[in-house]
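Below: the structure, in structure tokens.
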């Protein structure tokens with residue numbers, strides 16, 4: 001279990017407001033299909049993480065729920081729909097589709 005902390009949350013919030021110019025860095029892809037993403041690389045697009053049906057599931061480890069509205073703002077600006085953010089014990093869980 002990863003406890004939420006301030007630094008990854010601030011990195012995620014910063015990248016939601018000022019997106020990275022590169023694709024997200026996948027730290028790990030779990031068996032259940034969830035990609036674990038480095039919060040500092042969020043922003044450009046989630047397209048590399050889309051499955052065959054156009055959906056993605058992402059976990060930002062160690063991030064607090066306060067970053068959720070900014071993440072949703074960024075995804076809506078990029079044209080994603082049905083986006084949801086959920087705070088879990090591991091961090092912020094994000095799902096959506098194109």
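The values are calculated or read from the model by the stated rules, or taken from the named source; none is laboratory data. None of the values given here were measured: they were computed from a predicted structure. Positions of Cβ are backbone-derived with ideal geometry, glycine not excepted, and every protein chain shown enters the neighbour counts.
Here are the numbers:
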read-out	value
Condition met for residue 94 (outside any loop (DSSP other than H, G, I, E, B), without any contact (Cβ under 8 Å) to a residue 60 or more places away in the chain and under 12 Å from the mean Cα position of the chain (by Cα))	yes
Matching residues in segment 45-66 - criterion: being in contact with a strand residue (DSSP E or B) (Cβ under 6 Å, 6 or more places away or on another chain), modelled with pLDDT of 90 or more and assigned to a helix (DSSP H, G or I)	65
Qualifying residue in segment 22-44 (condition: assigned to a loop (DSSP other than H, G, I, E, B), surrounded by 14 or more Cβ atoms within 10 Å (Cβ to Cβ), at pLDDT below 90 and on the phi > 0 side of the Ramachandran plot)	yes
Subset of segment 70-88 that is touching a residue at least 12 places away in the same chain (Cβ under 8 Å) and within 11 Å of the chain's Cα centre (by Cα) - its residue that is nearest to residue 55 (Cα to Cα)	83
Any hit, segment 7-16, residues being touching a residue at least 24 places away in the same chain (Cβ under 8 Å) and outside any helix (DSSP H, G or I)	no
